[in-house]
Structures are given as C-alpha cells and as structure tokens.
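Trainee: Input: one structure, supplied below.
The values are calculated or read from the model by the stated rules, or taken from the named source; none is laboratory data. None of these values were measured; they are calculated from a predicted model. Cβ coordinates were reconstructed from backbone atoms using ideal geometry, including for glycine residues, and neighbour counts include every protein chain displayed. Surface accessibility is based on the protein's heavy atoms, side chains included, excluding ligands, DNA and RNA. Shrake-Rupley method; radii C 1.70, N 1.55, O 1.52, S 1.80 Å.
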Amino acid sequence: MKRNLFLEKLFNKQKAYFLAQNTRAIDFRIQKLKNLSKELDLQYDNICNALRIDLNKSPGETFLSEYLVVQNEITHVTKNLKKWSIPKKAKSNLMNILSKSVIVKEPFGVVLIMSPWNYPFQLSFVPLIDAISAGNTVILYLSPYTPAINKIIRNIIDKVFSLNYVSVVEFNQANYQEIMQPKYDYVFFTGSLRVGKIIMKQASENLIPVTLELGGKCPCFVAKTANLKIAARRIARGKWMNSGQTCVSPDYLLIHESIKNVFLKLLKKYIIEFYGEDTIKIQSMSKIINLDHFNRLKALFGKRNKIFYGGRFDEKTLSIEPTIVQVKNLSDPLMNEEIFGPILPYIVCKDFSGIIKQIRDLPKPLALYVFSKNKECINDLLTNVQSGDVCINDTIMHITNYNLPFGGVGSSGMGSYHGIFGFNSFSHTRSLVNTTTKLDPDLFYPPWTDNKIKLLKKVL
C-alpha cells in the first residue's frame, strides 16, 4: 500500500514534540484548554451557522447537544486535572516492605481521534479535551460529510494549538488503511460497528490500544406503570434530536399493550408540539446527512409495516419527518440494523419476559431505556438486559453528566470517556516501586536453602 507521506511527517513531528516533554506540565495543559474555551466562545456564531449548513441543526439544539457539552467538559477537566494527576500511594505488601509503591498516570504519546459526522463538534472536542488533559498530542481526523463545521474546527485548532501539538486531517474519502498507517500510541474512534471493526483490525497489527464508541439498537421499554406523559415527552426529545442520527437514540420501543393507545397519542402530540405538523415543509428538524443515508432510511419503511404517524420524505431537502411504525417482532427487517434516523418502530408486548429473552441474544446496545415506576420491573430489566449505559425514566441525558463514564460494551464499543474517565482512558496507569538501598536482606536472594524457604513461608 502507498505510504501517506503527509501523515507520516505529521506523526513524526508530533512524536518529537511529545518526546521533548512539551506536554508534561499540568499548568501547560490547563492553560491550553482555557485558551480553547475562549476561542470556542468567540466562534460560537460560526459554529451554529456551520452546523445549520451541514445538518440543518437549530441554534438551540447546537447549544445544548454540542457547544454546552464541550464547554462543560473543559470547565470540569481544568478544575480537577491537578487532583487527578497526583501520583496515588499504594500499599506495599510484605515482599516489598522496604519499598514505596506509587501509581502514576502517564500520557500515551501521539493519539489519533476519529470523529463522526452526526455530532461533529462535540465528538471531536470532548475526546480531544480528554486526550490533552492526559498530556498527549493529537491528530484529529474529521468526517468528509461535514465540510462547513470542519472548516471552523480547523480554524479553532490552528489558533489555539501548534501543528506539532494538535492538528486536523481530512480526506475526501475515508481510506482507513491509509489513516491507520502511522504507529499511533492510542486510537479513539467514534462511528459505526462496520468501520470500528476495520479500525480495531488495523490497530491490532501494531498492538495499538483503542477506545471504540459505536452504537447499536438501543431498546426503550415503556411499562404499564410509566408516567406516560413524561415518557412520551422525553422519548420524543431523545429520538428525534438530530433526526435520530444519534448513537444513543432510542432505536425501538417495547410498549405494554395496556397503555399502547394512550401512549402513542401522547407521543404524536409531542412530535407536533416540538417540530410542527409539517416538518418537511418548515424544515424544523435536522436533515439526513446525505443521499445515501436518505435512500437507506427510505428503503426501511417497507409496505408490510403499519405507519402510525409520519412517513413523508423530501429528497430535495433530505428531510424525513418523525415516523412511528408498528412491527410485529424482533425479526422484522426494521430490526436488523441500527436505524440511525427519524423512524421509530414499536412492538406491543403482553409482558416483557418473553422479549427480554430474545433481546439477550442480540448484540449489546450502547444504551438501555426503561420507563416505569415499578422497582421490580426496573431491576428485572437491568439484570437481564446488558448495555453500555442505562437511563431510567429518561433518554440520552446520561451523556451530559461528565461525572459518569460514557461507553459501550461488546459490539456497542469498548472503553469509556468524559471527565476523569476520559483522562484515565488516555493515560497509561504506570506502577512505580522505589526500594531503599539502606537495607538489603539475604532473605530474597539465592541460594534457596531449606531454612530460608521455611522462613519465607512463615513470614510471607
């Protein structure tokens, strides 16, 4: 395969910058992050405009789901970084009685961060902040699908960081073998399961550690004891934010039959309240990212499924209105893959026990959602359905809490980040043992006589 000389030179420059100890000082990292925060503030209007161009995101959605998450991460990290970086004393066992043991957090070196197109601002900067906090240099790869916000991100990075410290790379088409050519010290990837497998395979050839933030079909249970008004409102917000192009979006509903009719009417009510009766005409929602994804979603409707609400689309504006579709079971074609769009299938259940057994055989989702007031019902679901994270009586809000780790399990990903968990992910946990030279007993040296072994057994 042809070598990418640009990437190779960039990697070598960052490696040299890292080995020169430029990123070691904690105060240096904190100041750079504070400078980043100021520049983000100056660029706020440009960020909103760019995301409107690329994804038709409203200013409110941009502020809450992109900008605020990033600024909160910077504030939290800069406030706590010195505390997180302090070496932690560890107890010494009897074999190390003459030693002091310490756990030290060390940066990996040159990190590759690969961000996706659905939240191109947030999912570029949050892992970048965590990587910087740990003392790494960063090569940030941006998706080619969001050129407007990419330009703003590049301008921000160029103003705050030197090229040797943090740099942005873009390719017209994603050639993952080319991107993975340098022997990075760590790789952080957010995106699809298909590409995640490629990244992990490429990384394994050089034994590069990875964090993979993927996705999956996140189930949402609506039990008969749920507060239906709250459930409908919060599901509508979580599902149709960014037109469902969210990795933790509720992918399908499991509704108890006793509350189906009331709940669906409420869900329809909040769709109209949030986005209007004609989302296609007024374009009140984010658009589908490109024609390929639009056609994929359009093909998912199918004639066999009963549409409760929605179903209209416009190829010119790449718009699909919020759509609620009934499916009979988990074998329906709509249930074969993550939807990643504004289509929400639902399955009516007499009870959840039977379908829980089926879900357990499926790939583990990134998030699990449960709406119920019954603790026994909630505990049953938590015990029997594995997932990366869980929200009870809410959707997607867990990702906004920087005090919690965010990450998947199994096919929905590996590793976690946000706050101290991001700092830890981008740090090598190094053991350090410092032994005194004032004493050097013969007990731990050969020859291993019978008397010495007896004494060792007695002491240890």
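Trainee: Go through region 92-119 and give me each residue that's basic (Lys, Arg) and in a helix (DSSP H, G or I).
Mentor: none
Trainee: List the residue pairs whose Cβ atoms are under 8 Å apart, where the first residue sits in region 20-39 and is under 14 Å from Gln71 (Cα atoms), the second is outside any loop (DSSP other than H, G, I, E, B) and open to solvent by 60 Å² or more (accessible area, probe 1.4 Å), and the two are 6 or more positions apart or on different chains.
Mentor: Matching pairs, first to second residue: Ile30/Lys82; Ser37/Thr75; Glu39/Lys159.
Trainee: Could you tell me which of the residues Leu404, Leu455 is open to solvent by 40 Å² or more (accessible area, probe 1.4 Å) and in a helix (DSSP H, G or I)?
Mentor: Leu455
Trainee: Another question about this same structure. Of all residues being in contact with a helix residue (DSSP H, G or I) (Cβ under 8 Å, 6 or more places away or on another chain) and not polar (S, T, N, Q) in region 70-88, which is nearest to Ile153 (Cα to Cα)? Just the residue, please.
Mentor: It comes out as Val70.
Trainee: Another one. Could you pull out the residue among Lys159, Lys89 that is part of a strand (DSSP E or B) and either at negative phi or surrounded by fewer than 18 Cβ atoms within 10 Å (Cβ to Cβ) (or both)? Steps first, please.
Mentor: On the way: Lys159 fails: part of a strand (DSSP E or B).
Lys89 is the lone residue from the list that is part of a strand (DSSP E or B) and either at negative phi or surrounded by fewer than 18 Cβ atoms within 10 Å (Cβ to Cβ) (or both).
Trainee: For region 277-393, give me every one of the strands (runs of 3 or more DSSP E) that falls completely inside it and has 2 or more residues that are within 25 Å of Lys265 (Cβ to Cβ) and over 27 Å from the mean Cα position of the chain (by Cα). Let's see the steps before the verdict.
Mentor: On the way: elements: 306-309, 323-326, 343-349, 367-371, 389-392.
Output list reads 306-309, 323-326, 343-349.
Trainee: If you don't mind, there's one more thing I want to ask. Test Asp380 against the stated conditions and say whether it is open to solvent by less than 40 Å² (accessible area, probe 1.4 Å) and acidic (Asp, Glu).
Mentor: no
Trainee: Follow-up question, since we're still on this one. Considering only residues of region 273-305 that are of a type in the set (Val, Ile, Thr) and touching a residue at least 12 places away in the same chain (Cβ under 8 Å), which is surrounded by the fewest Cβ atoms within 10 Å (Cβ to Cβ)?
Mentor: Per the criteria, the residue is Ile280.
Trainee: So, one more: Just the residues that are open to solvent by 50 Å² or more (accessible area, probe 1.4 Å) and touching a residue at least 40 places away in the same chain (Cβ under 8 Å), please, taken from region 163-180.
Mentor: Residues satisfying the conditions are Leu163, Asn164, Gln177.
Trainee: With respect to Lys183, is the statement that it is more than 30 Å from Leu368 (Cα to Cα), part of a loop (DSSP other than H, G, I, E, B) and either out of contact with any Cys (no Cβ under 9 Å at 6 or more places or on another chain) or in contact (Cβ under 8 Å) with a residue 60 or more places away in the chain (or both) true?
Mentor: The answer is yes for Lys183.
Trainee: Test Asp394 against the stated conditions and say whether it is in contact with a His (Cβ under 7 Å, 6 or more places away or on another chain) and either closer than 26 Å to Thr62 by Cβ or open to solvent by less than 30 Å² (accessible area, probe 1.4 Å) (or both).
Mentor: On the way: in contact with a His (Cβ under 7 Å, 6 or more places away or on another chain): no; either closer than 26 Å to Thr62 by Cβ or open to solvent by less than 30 Å² (accessible area, probe 1.4 Å) (or both): yes.
Taking the combined requirement at face value, the residue does not satisfy it.
Trainee: Take the residues in region 422-452 that are open to solvent by less than 60 Å² (accessible area, probe 1.4 Å) and modelled with pLDDT of 95 or more; name whichever of them is farthest from Asp389 (Cα to Cα).
Mentor: My answer is Ser427.
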